[in-house]
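Data first, discussion second: the structure below is written as structure tokens.
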Amino acid sequence: MSDDPYRAAIGRRRNEIETPALLVDLDVARRNIAAMAGHMQKAGKHLRPHTKTHKAPGISRLQIEAGAIGVSTATAWEAIVMIDAGIDDVLVANEVVGPARTRALADAARGARVTVAVDSTSNLDDLSAAASAAGSTIGVLVEVDVGMNRGGVRSKEEALEVARHAIALPGIEWRGAMGYEGHCMLEPDRELRVTKQAKAMADLFEVVDHLAADGIECEIVSAGGTGTYDLIAAHPRVTELQAGSYVFMDAFHGSLIPGFDVALTVLATVMGRHGNRLILDAGRKGVGIDLMLPSAVGIESTTAFVDEEHTGIDVPESSPLGYGDTVELLAGYGPTTVNLYGRYHVIEGGVVTDIWPVMARHGSDTAVEKGAGTRV
């Protein structure tokens with residue numbers, strides 16, 4: 001798709017864009033990036049930000065310039081996009097299954113340090129075969145299920161079997177362990193979140209210690225997200241953090257963690273006003289509603305509903321907003337909002353300064369896209 005229809009917006013004020021539009025305030029994003037980098041540097045931890053939030057190599061480059069050691073991705077296709085953009089240290093924090101994915105990732109690993117989460121010997125065999133055929137090396141972390149009931153080995157014995165198998169395979173390099181405690185980040189009660197996260201890390205390090213007792217050391221122990229970043233920073237043994245949403249923030253993460261500002265919004269137009277209710281032209285197809293409803297930014301309002309093509313917000317009688325005005329919405333959840341769009345409108349100083357593509361939204365059909373964020 002040509003960028004030309006989007007690039008016509010360059011030079012406009014942020015409220016003058018055709019809607020719905022995905023806005024990233026780069027001034028705010030830079031502040032968030034610096035804040036997280038500084039926190040992790042002070043704690044002596046490595047930061048490996050998750051790209052599933054933004055899917056934009058331009059953002060990843062800013063994070064690496066601020067001190068991140070590399071990036072995390074959710075899919076092989078996201079990893080390949082990042083590698084193609086020149087990011088040379090990538091963790092796929094997920095299992096990579098299927099011949100097209102393993103082959104493509106093994107090919108990409110010829111030019112970058114690639115690490116993948118694994119939880120079975122069968123998956124290791126497939127990765128080994130792909131890496132051997134490509135003449136590359138794929139690093140692996142055994143994923144430990146620390147309470148998500150998703151990917152990951154379910155016992156320390158199973159982890160040991162996976163680790164021993166990895167060490168014996170050609171094209172595979174053993175690197176350590178991973179335990180993502182995403183279920184803890186869904187806990188709104190801070191005290192309970194701390195308790196749950198401590199249990200998750202205890203489960204992870206039970207495995208790490210069991211491997212060490214067998215002579216298998218974990219160079220990397222990777223965990224954490226935006227909702228537990230401070231707990232990871234304080235943990236004496238976790239080596240790196242995978243947080244991603246801090247760079248943009250959203251309604252859900254803003255309710256959990258202070259210290260980061262809103263950099264991602266969806267611009268919507270008021271289609272009509274009926275009493276105190278404004279009808280906006282961005283609904284579920286334009287703004288993520290996962291975990292929390294979106295809310296209007298900078299105005300007194302209450303979100304009444306979110307349908308496919310419309311969001312309704314109620315404002316005070318004194319509000320001057322009406323037909324044709326624009327409103328910025330804070331997404332309930334940022335990553336699924338980004339995935340709805342093909343382009344970002346990059347905002348600096350309140351003005352559109354660039355258009356960036358959103359990469360690898362749909363898997364292999366977007367894996368061949370090159371570059372993003374030509375100027376940062």
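The values are calculated or read from the model by the stated rules, or taken from the named source; none is laboratory data. Quantities reported herein were computed from a predicted structural model and do not represent experimental measurements. Backbone-built Cβ (ideal geometry, glycine too); neighbour counts: all protein chains shown. Calculation scope for accessible area: heavy atoms of the full protein, side chains included, ligands and nucleic acids excluded. Shrake-Rupley method; radii C 1.70, N 1.55, O 1.52, S 1.80 Å.
Annotations for the structure displayed:
- Where residue 178 falls short, out of the listed (1) touching an Asp or Glu at 6+ places or on another chain (Cβ under 7 Å); (2) part of a helix (DSSP H, G or I): (2)
- Selection of first residues in segment 283-302 that are over 15 Å from residue 263 (Cα atoms) and of second residues that are open to solvent by 80 Å² or more (accessible area, probe 1.4 Å) and of a type outside the set (A, V, I, L, M, F, W, C), restricted to Cβ pairs under 8 Å at least 6 apart or on distinct chains, gives the following pairs, ordered by first then second residue: 283/308; 283/309; 284/308; 285/308; 285/309; 286/309.
- Criterion: open to solvent by 10 Å² or more (accessible area, probe 1.4 Å), modelled with pLDDT of 95 or more and part of a helix (DSSP H, G or I) - qualifying residue of 124, 62: 62
- Search result, residues across segment 199-237 that are open to solvent by 10 Å² or more (accessible area, probe 1.4 Å), touching a Ser or Thr at 6+ places or on another chain (Cβ under 7 Å) and either closer than 30 Å to residue 265 by Cα or part of a helix (DSSP H, G or I) (or both): none
- Condition check for residue 240: within 18 Å of residue 68 (Cα to Cα), touching a residue at least 24 places away in the same chain (Cβ under 8 Å) and surrounded by fewer than 17 Cβ atoms within 10 Å (Cβ to Cβ): no
- Residue within segment 259-274 that is farther than 24 Å from residue 335 by Cβ, touching a residue at least 60 places away in the same chain (Cβ under 8 Å) and out of contact with any Phe, Trp or Tyr (no Cβ under 6 Å at 6 or more places or on another chain) present: yes
- The lone exception for residue 168 - which of (1) under 19 Å from the mean Cα position of the chain (by Cα); (2) open to solvent by 50 Å² or more (accessible area, probe 1.4 Å); (3) not polar (S, T, N, Q) it fails: (1)
- Hits in segment 39-73 (condition: of a type in the set (A, V, I, L, M), in contact (Cβ under 8 Å) with a residue 60 or more places away in the chain and more than 16 Å from residue 249 (Cβ to Cβ)): 40, 43, 47, 69
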